[in-house]
Amino acid sequence: MKDIRTLLQTIREEKPLIHHITNFVTMNFLANGVLAAGGSPMMAHSEEEAEEAVAASAALVLNIGTIDPSWLRGMIAAGKKAKEQNIPVVLDPVGVGLSRLRSETVRQLIEEVRPDLICGNAAELSYLYEGNWSGKGVDGELDGTSAQLAQLAARKFNTAVAITGEQDYVSDGSQTIAITGGHEMLAYVTGTGCFSSSMIALFLAKGLETECSIVERAAAALTMLGLAAERAIETANGPGTFQVHLLDALFNLKSEELTTASRWSEM
Amino acid sequence: MKDIRTLLQTIREEKPLIHHITNFVTMNFLANGVLAAGGSPMMAHSEEEAEEAVAASAALVLNIGTIDPSWLRGMIAAGKKAKEQNIPVVLDPVGVGLSRLRSETVRQLIEEVRPDLICGNAAELSYLYEGNWSGKGVDGELDGTSAQLAQLAARKFNTAVAITGEQDYVSDGSQTIAITGGHEMLAYVTGTGCFSSSMIALFLAKGLETECSIVERAAAALTMLGLAAERAIETANGPGTFQVHLLDALFNLKSEELTTASRWSEM
Amino acid sequence: MKDIRTLLQTIREEKPLIHHITNFVTMNFLANGVLAAGGSPMMAHSEEEAEEAVAASAALVLNIGTIDPSWLRGMIAAGKKAKEQNIPVVLDPVGVGLSRLRSETVRQLIEEVRPDLICGNAAELSYLYEGNWSGKGVDGELDGTSAQLAQLAARKFNTAVAITGEQDYVSDGSQTIAITGGHEMLAYVTGTGCFSSSMIALFLAKGLETECSIVERAAAALTMLGLAAERAIETANGPGTFQVHLLDALFNLKSEELTTASRWSEM
């Protein structure tokens, strides 16, 4: 297991620019979260500036939460440019099974952009892998097999996969890490799932010196988020204060506190 | 008067999915508010997925706060599908008298969708009813006649009407309830008006077993919001902490605390 | 130096309506900030209602943070109408050097709308003035010459200019004020730059009786924001609580506390 504390320290020094084409609902939270964790956020969706925005960035998040056809064009243009320049792309297939628009959008993004990592909950990854959609609330039920799902989906799509839930899993098809931590209050704040993708993009940012694999980097991101959630809940009285304290905890978390001990298990 | 405590308990068990086509400004707050109160929020505006998104939902909110013609198309498609499937539709005619675009949008939504409830402030409902627009700040002045306005507008548009202000009123033209409670600090947080519509949609959600009428369900939603506001203000130092504590209070409010006593008067 | 305390008092009495065509990321924060400071916010971007929305307003903010061509059309229409009616226009050229879309948008807005004030950081104003783009993080480095940059840019574009950073500068080409205050935590909350423009628009609102010049009014706005930030940091534990307490501080700040003493220096 590699030293993820140095990785966080490097992120805080470099403040990598994390570009997002994401949904309207959680944009503000993602921007504040990336800032608190140590990066620089950017949001710009217009096809007209897609290539220039990507060229200035160290990672790209594509999130389909409030997708429509005009935003998809910006995503494709930005995604292709990112891959050309070896800038990591994280795809968040929010609610992929809800509609043909969403499943078709994700199919097109996977084929044309070839993201480096797909991050979603078990329902979303299961739909992507099997084509069955069981919708909201399914995370818990599938948790026993999420490790296998992450592994199989990673092989099928030839990309890394992160599945978030009570326990998180990251796999590239051969290396698979299970991460414990976090708190159930995360489910009562909108955008904490989206924010997992932003955190992963921050830890995958181009140009960071590290010996960690992509799976370890993504697992480090989710570990940091889980640890911050555990601290936030200590002083929270509900989901309102929890969200605010989560930003404080991300900001105050020292890199030496980011440890894999008793949190990671390789499978 | 029916038992609204059981209604809230049922909502928390069922966690109904409340679909929104709403404005950019308050989306995040509405999503967090619905989660805190006990429901599941969804936001998706694209005409391409309007019908599928509605089919997965238990209620639909249409809010014209940052309307433009492309979003109106999604609203019409979603609204028609909802009515087809007996999914309740709440219309929030934000700033309807500001422009021809808005008044024309609302006219079209009322005619083509036939919402189950229209929720706005006295200025908005007065404009809808009479065609006169006196704009911001008018709530207070009209408060004496808001009960009558709710009743007349409900009859004119053949729908339930909720008028929010210092005192709230809900009417379906025959049954009319006045609700006291809340706090003036609500006026210093953007989106608390929009959130009234989301709360009402949550309490009107399809599939909830209850003996309450639509007027009583909407009144229960506004009662819960008022009660949460009163708790939030106790620990708030201004509008920033008030908003955060409001989410906490919605989350922590026990269903047995939701009472109509000394809060409701039938008129 | 004029009495800026009376100006704030007048704002709180009049509650001027500040219209925004701005970015998706920070809209909610700007609306809550304007409310907390004492104004009424409005956001509406559609070209179809641009003129009517402006006609109801006392100031207009144009912010290109998430610009695309359809929003630019609304900005041009709203901006022209504002100038026709002597409603002050504040332009925030967010990330102007990032792309051709942005630099072309700003060029067009300056030429066709002729804003009353341009508010940005040193990197943005430097790009506008010199056409060189050095991007993120440049504020600090340029700070020594920001006073001069504000002055030169004001003359070049025949408008007032505000440059925000560790120290803020406002100039109309002849009168130049440097403002100290604020806190570095402002850089860890998304939208505090955008909010500077909203605050300035609030203090420039049409119809406020004051003997202050435009430069003094803008400087008063930035003084209030800095003072609120200093109070917010006292009780904050990180960027999450800081943002929330900033809204509280804006709301609680008494007009008699707004002083230029030891904060302003004319240059």
task = Considering only DSSP beta bridges where both residues belong to the protein assembly as shown, give the percentage that are antiparallel (nearest 5).
result = 35
Whole-Hz ³J(HN,Hα) from phi, Karplus 6.51 cos²θ - 1.76 cosθ + 1.60, for region A:53-68, glycine and proline x = 5, 5, 4, 8, 9, 10, 6, 9, 10, 10, 10, 9, x, 10, 5, 9
ask   = How high is the FRET efficiency between A:Glu84 and C:Glu130 when r is their beta carbon distance and R₀ equals 30 Å, given to the nearest 0.05?
value = 0.50
remark   = Amide H contacts under 5 Å for C:Leu17, restricted to residues at least 5 apart in sequence or on another chain and with H modeled in the peptide plane, are C:Ser40, C:Ala58
ask   = Hey, got the dipole for region B:142-267? About the Cα centre, +1 on K and R Cβ, -1 on D and E Cβ, debye to the nearest 20?
value = 340
request  = Of the options C:Ser262, A:Leu62, C:Ala219, report the single residue whose Cα projects farthest towards the positive end of the charge dipole of the protein assembly as shown (beta-carbon charges: Lys, Arg +1; Asp, Glu -1).
outcome  = A:Leu62
task = Scan around A:Met43 for amide H atoms under 5 Å from its own, H built in the peptide plane at 1.01 Å from N, and keep only partners 5 or more places away or cross-chain.
result = A:His20
note = In debye to the nearest 20, the charge dipole size for region C:4-266, taken about the Cα centre with +1 at each Lys and Arg Cβ and -1 at each Asp and Glu Cβ, equals 200
key: About the Cα centre, charge dipole magnitude for the protein assembly as shown (Lys/Arg +1, Asp/Glu -1 at Cβ), debye   = 640
ask   = Under Stokes-Einstein, with the Kirkwood radius over Cα pairs standing in for Rh, what whole-number D in µm²/s applies to chain B at 10 °C and 1.306 mPa s?
value = 88
query = Sorted from shortest, what are the nm distances separating the label point of B:Gly131 from equivalent points in the other copies, each placed 7 Å from Cα along Cα to C-beta?
reply = 5.7, 5.7
query = When all protein chains stay in place, what accessible area (Å², nearest 10, 1.4 Å probe) is found for A:Lys254?
reply = 110
ask   = What are the nm distances, shortest first, from C:Arg155 to its equivalents in the other copies, labels at 7 Å along Cα→Cβ?
value = 7.1, 7.1
message = Taking the solvent-accessible surface of protein heavy atoms with a 1.4 Å probe, what is the per residue accessible area of the protein assembly as shown in Å²?
response = 35
message = Could you give each residue of region A:178-183 its phi-based ³J(HN,Hα) in whole Hz, using Karplus coefficients 6.51, -1.76, 1.60 with θ = phi - 60°, and x for Gly or Pro?
response = 9, 10, 9, x, x, 7
query = Any idea what the C:Glu211 label distances to the other copies are, label 7 Å down the Cα→Cβ vector, nm, shortest first?
reply = 7.2, 7.2
query = Mind checking which helices in chain A clear 30 Å along their axis (Cα) and have mean Kyte-Doolittle hydropathy of -1.0 or more, DSSP H runs only?
reply = A:214-235
ask   = Which distance in Å, rounded to a whole number, links the C-alpha centroids of region A:32-73 and region A:180-200?
value = 19
key: Label-point separation in nm, A:Arg114 to C:Arg107, each point 7 Å along Cα→Cβ   = 3.7
ask   = If you count the DSSP beta bridges with both ends in chain B, what percent of them are antiparallel, to the nearest 5?
value = 35
inquiry  = Per DSSP helix of 4 or more residues, -39500 (n - 2.57); summed, then divided by the residues of chain C. What does that give at 222 nm, rounded to the nearest 500?
reply    = -15500 deg cm²/dmol
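The values are calculated or read from the model by the stated rules, or taken from the named source; none is laboratory data. Because the structure is a prediction, the values reported are computed rather than measured. For neighbour counting, all protein chains shown are included, and Cβ atoms are generated from backbone atoms with ideal geometry for every residue, glycine included. Surface accessibility is based on the protein's heavy atoms, side chains included, excluding ligands, DNA and RNA. Shrake-Rupley method; radii C 1.70, N 1.55, O 1.52, S 1.80 Å.
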